[in-house]
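Bear in mind these aren't lab numbers, they're just calculated from the coordinates by the rules spelled out. Computed from a predicted structure; not experimentally measured. Here Cβ is always computed from backbone atoms with ideal geometry, including for glycine, and neighbour counts include all displayed protein chains.
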Amino acid sequence: TTPGGEETPAVLVQCRSSDEGERVRLREEIRERVRSVTGMNCVIELIPPRTLPRTSSGKLSRAKARNLYLNGDIKPYDLAA
């Protein structure tokens with residue numbers, strides 16, 4: 001949520017890279033691609049592999065991931081701005 005109270009889309013990306021510089025580059029590249037395709041600014045969060053919850057059939061559970069993220073239970077990598 002922005003300071004003005006507007007909701008901002010978030011993209012959670014599981015990332016294997018341990019190099020912080022590579023993570024920053026990847027985050028910016030994803031942000032630009034999302035902006036160029038959708039015209040929207042969004043929050044890009046890189047998270048450790050196998051962090052996103054799955055359904056019993058193995059699909060990603062977007063609703064559960066959203067709730068975990070909003071509750072602070074999914075911890076993104078701490079990257080320089």
- request: Could you please tell me which pairs satisfy a Cβ distance under 9 Å, a separation of 6+ or placement on different chains, a first residue in the range 51-75 that is closer than 12 Å to LEU12 by Cα and in contact (Cβ under 8 Å) with a residue 24 or more places away in the chain, and a second residue that is among the polar types (S, T, N, Q) and surrounded by 13 or more Cβ atoms within 10 Å (Cβ to Cβ)?
  value: LEU52/SER61; ALA65/THR51; ILE74/THR51; LYS75/THR51
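Test ARG35 against the stated conditions and say whether it is basic (Lys, Arg) and closer than 16 Å to LYS75 by Cβ. Show your work before the answer.
Numbers: basic (Lys, Arg): yes; closer than 16 Å to LYS75 by Cβ: no.
So ARG35 does not fit the description; no.
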